[in-house]
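Trainee: My questions all concern the structure below.
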Amino acid sequence: MHRWSKLFIPTLREAPADAEVASHKFLIRAGYIRQLGAGIYNYLFLGQRSLNKIIAIVREEMDKIGQEFYLPAILPKEPWAESGRWTTMGDNMFRLKDRKGADLCLGMTHEEVMTTIARGELRSYKQLPQIWYQIQTKFRDEPRPKAGLLRVRQFIMKDAYSFDINEAGLDESFNRHDVAYRTIFTRCGLKFVAVEADSGAMGGSQSQEFMVYTDAGEDLIASCPVCGYAANLEKATSRLDPVEEIEPTSDGNPELVHTPGCAAIADVAAFFKISPASDIKCVAYMAERGFTGEGHEIWLPVAAFLRGDHQVNETKLLGLLGASQVRPMHLEELEKYFHGPAGYLGPVGLKPKQVTNPGSSPPAFSETGELVVVIDRSLEGRKNMVCGANKLDYHQRNVTPGRDFTWTLIADIRSVNEGENCPKDGCAGKLVVGTAVEVGHIFKLGDKYTQSMGARVLDENGKEVAPIMGCYGIGIERILTAAIEQSNDANGFWLPVSIAPFSVVITITNSADTALRAAGEKLAADLESAGLDVLLDDRDERAGVKFKDADLVGIPYRINVGKKVAAGQVELVTRATSTSEDVALSEVAELVKKRVQEELLLEASF
RNA sequence: CGGGACGUGGCUCAGCCUGGUAGAGCACUCGCUUGGGGUGCGAGGGGUCGGCAGUUCAAAUCUGCCCGUCCCGACCA
């Protein structure tokens, strides 16, 4: 029996000043967590209890498709050196040395270690497929931890890895995770959406994120309310309405125009009395692509051109270039590659590098040419546009892509905007953009790790092949955080029964009244023997204090044992709706049990 | 890593500009009181004012350096 009077549930009347989002404030006020350092938290009794319930659900569903391992959190350098990520992971990896001076790191993900196991043990296609998972603490030295448990430096992750002999097998493993994840998030009571996602610079053919819409989220999701299309903004596309071209002037050929002080898109549009959609904007980057033999970064100059009213999507650009990062060009670099100043950059007269391995990814570029010129698809077929002239205070008009300038690559490198047309054929929907929290991610890795680390099995023809992998993650704390974000009010929050630390709290309104105490004790025992997690609030506090605490800490049901007990009645309060109903003391245990079971069934009935 | 803010008892904050006894509310302890939405009264305990150095007769207060935390951006699951 859990008696509140004996437990450590340090509730706070006020939230710490540095808590911004609801989940952060309430996790602390409700005594779930306490901060130890930036992005480092102690999980107290209620918090740990809730996380344990989440973990139990994850484990139950994962056991249906895979096998649970437990890998170390402290890892030697070698596997990371083999995959190349010892270098490329950069500062996000916590690194340390042992007493002998050997390099170690704290695990931020476990592809390498899992691949080490596969390499050592798997020999035949007959041993495939394999799905291995673990529930483990991960460490990532986030540049900016924030929002309580939303972005932290130590967190619990369920990570799974699949090994298959071929693409069809990977499809199957991927789909099984898709189903498992949907079941897990549904059972946890989350209103989630599965979206197409970017698979990152490491490649991979398919990538899907599980998102919960909330203002506290850091990801932007574009979705179509008509057909259900949903994608991370890093990946989302749209169909653009055709742009009405402006009429050419004079002979229709590019013409230099003096445009003093027009360094911004808005200035240019106003000067020429055109829509920004008829202006070509230039964003100049230096992109990092790998390392030289000596370990120096290789930087590539890149000019990205797109419509004046569009924004560069750097994730798309990175993927296109096979680059690990981009940064804006410095002034002297602009001068070197464009021979012109910022605000007046344009594509005419540039010397683009050429792709030397067409059709391959990532692209390789010729030595000839000065920079990689990338233009967005939306410029294809356009004409008579305005762009910078690579000369201070001058623009050009009558510029037509293809006729007046060429490029290295043409691709979708822009971010969609709310209100643009859904990209699905025949769909008339308009995209909406919302913020969301990522609670899970599944994606097809391919053979990057098995290839580079030398994992090989024999296929049915006796030929050596590298198994292809999928990897699949769930952020345990983020499930709790997202659940709080989606269900809170001024007084606190309420969790789904499946992940709440307790299903029901029994509030003895006056602990000094021995009859009430006895009734509460008996009711708690009854509910407990009915299989429910019960918290008995037997503290010597005023009723108001107990009500406030009960509303705060996330427990979905409350039974008030008070003066109506004399008439054989108690009150059953449903936290989510703040509704109260009088129920016979003799029947309330059965009723609550029924409600709880119904809710669990509903959550499990996906 | 760039920009900004902050650091005073467990929490929320005042005091700092203009240097001179360290404060309030909440929380905590004890007593009484009250007993259905954070009761009321009284008496208490608790703070190297983030750290170090400097200026000064004297520093929470002024100066410098460092550390830490939060927010925006960059980055990232």
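Trainee: Where the second residue is part of a loop (DSSP other than H, G, I, E, B) and the first is more than 8 Å from RNA strand B (Cβ to nearest atom) and lies in region A:528-553, which pairs have Cβ atoms under 6 Å and are six or more apart or on separate chains?
Mentor: Filtered contacts from region A:528-553: A:LEU532/A:SER503; A:ASP533/A:PHE502; A:ASP533/A:SER503; A:LEU535/A:PHE502; A:ASP538/A:SER511; A:VAL553/A:ALA30.
Trainee: Now a separate question. Scan region A:586-606 residue by residue and report those that are in contact (Cβ under 8 Å) with a residue 24 or more places away in the chain, of a type in the set (A, V, I, L, M, F, W, C) and either farther than 15 Å from A:VAL505 by Cα or assigned by the TED database to the domain that holds A:TYR181 (or both).
Mentor: Result: A:LEU600, A:ALA604, A:PHE606.
Trainee: Let me ask something else. Quick one: is A:LEU96 within 16 Å of RNA strand B (Cβ to nearest atom), outside the structural domain of A:LEU458 (by the TED database) and either surrounded by fewer than 15 Cβ atoms within 10 Å (Cβ to Cβ) or in contact (Cβ under 8 Å) with a residue 60 or more places away in the chain (or both)?
Mentor: yes
Trainee: So in region A:554-576, with the set limited to residues that are touching a residue at least 24 places away in the same chain (Cβ under 8 Å), within 9 Å of RNA strand B (Cβ to nearest atom) and of a type outside the set (D, E, K, R), which one is nearest to A:ILE499 (Cα to Cα)?
Mentor: Residue satisfying both the conditions and the ranking: A:ASN560.
Trainee: Taking the options A:PHE443, A:PHE405, name whichever one is under 26 Å from A:ALA287 (Cα atoms) and within 16 Å of RNA strand B (Cβ to nearest atom).
Mentor: Matching residue, one of A:PHE443, A:PHE405: A:PHE443.
Yes/no per residue for (1) more than 16 Å from A:GLU68 (Cα to Cα); (2) assigned to a strand (DSSP E or B); (3) away from RNA strand B (no atom under 15 Å from the Cβ):
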| position | (1), (2), (3) |
| --- | --- |
| A:THR109 | no, no, no |
| A:MET114 | no, no, yes |
| A:ALA118 | no, no, yes |
| A:GLN134 | no, yes, yes |
| A:GLU142 | yes, no, no |
| A:GLY148 | yes, no, no |
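Trainee: Could I ask something else about it? For the condition crowded, with 17+ Cβ neighbours inside 10 Å and either touching a residue at least 40 places away in the same chain (Cβ under 8 Å) or hydroxyl-bearing (Ser, Thr, Tyr) (or both), what is the one hit in A:SER162, A:SER124?
Mentor: Answer to the selection: A:SER162.
Trainee: I would also like to ask the following. On the basis of being over 30 Å from A:SER205 (Cα atoms) and of a type outside the set (S, T, N, Q), does A:VAL457 make the cut?
Mentor: No; evaluated as a whole, the condition is false for this residue.
Trainee: Scanning region A:45-74 for residues that are among the β-branched types (Val, Ile, Thr) and either on the phi > 0 side of the Ramachandran plot or not in a loop (DSSP other than H, G, I, E, B) (or both), which turns out modelled with the lowest pLDDT?
Mentor: The residue in question is A:ILE74.
Trainee: Okay, moving on. Given the criterion of a type in the set (A, V, I, L, M) and within 16 Å of RNA strand B (Cβ to nearest atom), identify the matching residue among A:ILE65, A:ILE57, A:ILE40.
Mentor: Every option except A:ILE40 fails the conditions.
The values are calculated or read from the model by the stated rules, or taken from the named source; none is laboratory data. Quantities reported herein were computed from a predicted structural model and do not represent experimental measurements. FYI the Cβ positions are ideal-geometry reconstructions off the backbone, even for glycines, and counts take in every protein chain you see.
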